[in-house]
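Undergrad: My questions will all concern the structure given below.
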Amino acid sequence: MDNFHFYSPTYFVFGKDGENQTGSMVKRFGGSKVLIHYGGGSVVRSGLLDRVKASLTAEGISFIELGGVKPNPRSGLVYEGIDLCRKENVDFILAVGGGSTIDSSKAIAAGTIYDGDFWDFYSGKRIEKALPVGTILTIAAAGSEGSPDSVITKEEGMFKRGASGDAIRPKFSILNPALTQTLPPYQSAAGITDIMAHLYERYLTNSTEVEVTDRLIEALLLTMKHEGPRVIENPDNYEARANIMWAGMMAHNNSCGVGRSQDWNSHNIEHELSALYDCAHGAGLAVTMPAVFKYVMNHNVMRFAQVAVRVWGCSMDFEHPEVTALEGINAFASFLKSIGMPSNFAELGAKEEDIPQLVETLCCGDGRDGNIYGFVKLNKEDCTNIYKMMIKKNHIY
Ligand code: NZQ
Ligand code: ZN
């Protein structure tokens, strides 16, 4: 196991009606003038926004609003939010929505008290200071409710990049699984896929002797395998929603990733797809992961064989572990298809002729050195081959 620091101070309020505690939570963490940030309107239609405002008002906390965050959030609204917060002397950012809204809120929180361009943080500068952020989560997916990360797309060049820093870990996150019952099945499935991707990206490690985190990841993958189909079948299944919601947080607050190197190549390869085609991040991952895993499998075939046996119920072929490894990848791909996820470029709206552009932005855009680094170092030719694998119609190749 590698050395590590782990600091994860988010206060979680989990369960039914948690949003009614928003006002007391903001007060607890020192907010007196709040920016409520939200997306395209689901929180207005569900009545959640009104309940959140009522809770703030009951505690005597003043607020302003900024809606309109798009999935795969853009830099333009972040600049608007920063100007607004400075003008109105906002001291607390409240995200009401999914990962996109939370990430946009984190960017505004960091940018408001920074002298330079907030994009510096998305070009490699670590976030050391930010206004406090609180979240009320409406979709189990990105894990941003417990993570120190934010992902934003810069409109100029359509670069989708991440920024990090403990300063943007939410001070509190309210997780009410009932709020996720209004999700369309496709969004639920995309969320399930993203959660499983966060687990796989950590499972694919070059560190050795990481039994405790391996086992935690396997437990969470098994939970997703069990609960995922239950919410697709019955969107109102509160208990399944609850297990998925907490699994989504645990998958990405890094309790499963400490002490080990991590991959993140699938995420980087996917981010180019959701930046260019505006597809759901989870849907892009469903197409990306099987291709990446097959491409890099031989780097450590036992790692893939292990997850195949322990999570996907494959039997171990000791003479040919690559057969077991491949079976596990195919079982995962079939699972993703069974919950309604796409399995190839066409279903995602991606085009073969765009591959050179995708590869260029991925490997060389925004100061990158021609490679991406993870479980395996991938150069432009590797990334081209991986995108080409995703064109195939059959998800099991
Ligand atoms: O915008 P509204 O109207 O709210 O609709 C949203 C949106 O269209 C809708 N939705 C959310 N909750 C709902 C609902 N509709 C009905 N009922 C509800 N309860 O779902 C759509 C997707 O929302 P979004 O916030 O985009 O989803 P998600 O949480 O999957 O976030 C995706 C973003 O997070 C980034 C992704 O790259 C992507 O940009 N990620 C952030 C990470 C982080 N900060 O740690 C890590 C992840 O790997 C990921 O990269
Ligand atoms: Zn993700």
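The values are calculated or read from the model by the stated rules, or taken from the named source; none is laboratory data. All values derive from a computational prediction rather than experimental measurement. Cβ: placed from backbone, ideal geometry, glycine included. Neighbour counts: every protein chain shown. Surface areas here come from the heavy atoms of the whole protein model, side chains and all, with no ligands, DNA or RNA. Shrake-Rupley method; radii C 1.70, N 1.55, O 1.52, S 1.80 Å.
Undergrad: Are any residues in the stretch 254-266 within 13 Å of ligand 1 (Cβ to nearest atom), in contact with a Ser or Thr (Cβ under 9 Å, 6 or more places away or on another chain) and open to solvent by 10 Å² or more (accessible area, probe 1.4 Å), and if so, which ones?
TA: Asn254, Gln262
Undergrad: A follow-up question, please. For Ala178, indicate whether it is more than 9 Å from ligand 1 (Cβ to nearest atom), modelled with pLDDT of 95 or more and under 24 Å from Cys85 (Cα atoms).
TA: It is false that Ala178 is more than 9 Å from ligand 1 (Cβ to nearest atom), modelled with pLDDT of 95 or more and under 24 Å from Cys85 (Cα atoms).
Undergrad: Also, I was wondering about something else. Go through Asn330, Asn344 for me and flag whichever is more than 30 Å from Ala163 (Cα to Cα) and either of a type in the set (Val, Ile, Thr) or assigned by TED's automatic domain parsing to the domain that holds Gly284 (or both).
TA: Asn330
Undergrad: One residue is enough: does the stretch 151-167 have a residue meeting the conditions closer than 30 Å to Arg230 by Cα, within 16 Å of ligand 2 (Cβ to nearest atom) and crowded, with 18+ Cβ neighbours inside 10 Å?
TA: Yes, that holds for at least one residue.
Undergrad: Among the residues of the stretch 139-150, which ones are open to solvent by 20 Å² or more (accessible area, probe 1.4 Å) and either among the aliphatic types (A, V, I, L, M) or more than 16 Å from ligand 2 (Cβ to nearest atom) (or both)?
TA: Ile139, Ala142
Undergrad: Looking at Phe304, Phe318, which is the one that is in contact with a helix residue (DSSP H, G or I) (Cβ under 6 Å, 6 or more places away or on another chain), at pLDDT 95 or above and in the same structural domain as Ala197 (by TED's automatic domain parsing)?
TA: Phe304
Undergrad: Within the stretch 147-167, which residues are within 15 Å of the chain's Cα centre (by Cα) and either closer than 16 Å to Ser100 by Cβ or free of Cβ contacts under 8 Å to residues at least 12 places away in the same chain (or both)?
TA: Of everything in the stretch 147-167, those that are within 15 Å of the chain's Cα centre (by Cα) and either closer than 16 Å to Ser100 by Cβ or free of Cβ contacts under 8 Å to residues at least 12 places away in the same chain (or both) turn out to be Ser147, Asp149, Ser150, Val151, Ile152, Thr153, Lys160, Arg161, Gly162, Ala163.
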